[in-house]
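This report refers to the structure that appears directly beneath it.
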């Protein structure tokens, strides 16, 4: 996991950075880095547990079953699939439904016009859903196993 700065304009008001992946997470990537899988899991679990901006029922149910373990499992894949199917249902065929959270290339938030990478979208929802912990998701009790890697991602930009 690494911290990425939002360098372009767009629909990311209030999100000057996001936590990016170092490798894809999801279908076909069972051995992705612990930190990457764990961060996706943390996003799902923290968003599902919040009361500030509750997710719709079609996301809350699968996301609330996700545990932050850093290991790819069926609950995590179900959460990824639910997210992508929700995006497709809401916004149409421009949203990819491949079961994978891809790495956003440096300086990019969208893979097509007005079509953000999944990791960018869940970062934005995490920002809205957990304002007391932003920009320090490592302080959330659900972060658990990925708290240290989140701290490292933050400190690399603060001290680097």
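Some values worked out for this structure:
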{"quantity": "Residue 109 being within 19 Å of residue 142 (Cα to Cα) and under 16 Å from the mean Cα position of the chain (by Cα)", "calculated": "no"}
{"quantity": "Leading residue by the ranking (surrounded by the most Cβ atoms within 10 Å (Cβ to Cβ)) among those in the range 90-126 that are in a strand (DSSP E or B), touching a strand residue (DSSP E or B) at 6+ places or on another chain (Cβ under 7 Å) and modelled with pLDDT of 80 or more", "calculated": "101"}
{"quantity": "Any hit, the range 42-61, residues being crowded, with 18+ Cβ neighbours inside 10 Å and free of Cβ contacts under 8 Å to residues at least 24 places away in the same chain", "calculated": "yes"}
{"quantity": "Lone qualifier among 70, 38 - being crowded, with 16+ Cβ neighbours inside 10 Å, in a helix (DSSP H, G or I) and either modelled with pLDDT under 95 or on the phi > 0 side of the Ramachandran plot (or both)", "calculated": "38"}
{"quantity": "Pick from the range 73-89, criterion free of Cβ contacts under 8 Å to residues at least 12 places away in the same chain and part of a helix (DSSP H, G or I), ranking: nearest to residue 26 (Cα to Cα)", "calculated": "74"}
{"quantity": "Unmet requirement for residue 53, which otherwise passes all of (1) closer than 23 Å to residue 136 by Cβ; (2) in contact with a strand residue (DSSP E or B) (Cβ under 6 Å, 6 or more places away or on another chain); (3) at pLDDT below 90", "calculated": "(2)"}
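The values are calculated or read from the model by the stated rules, or taken from the named source; none is laboratory data. Note that the coordinates shown come from a computational prediction; the quantities given were computed from them, not determined experimentally. Neighbour counts are summed over all protein chains in view; Cβ atoms, including those assigned to glycine, are modelled from backbone coordinates with ideal geometry.
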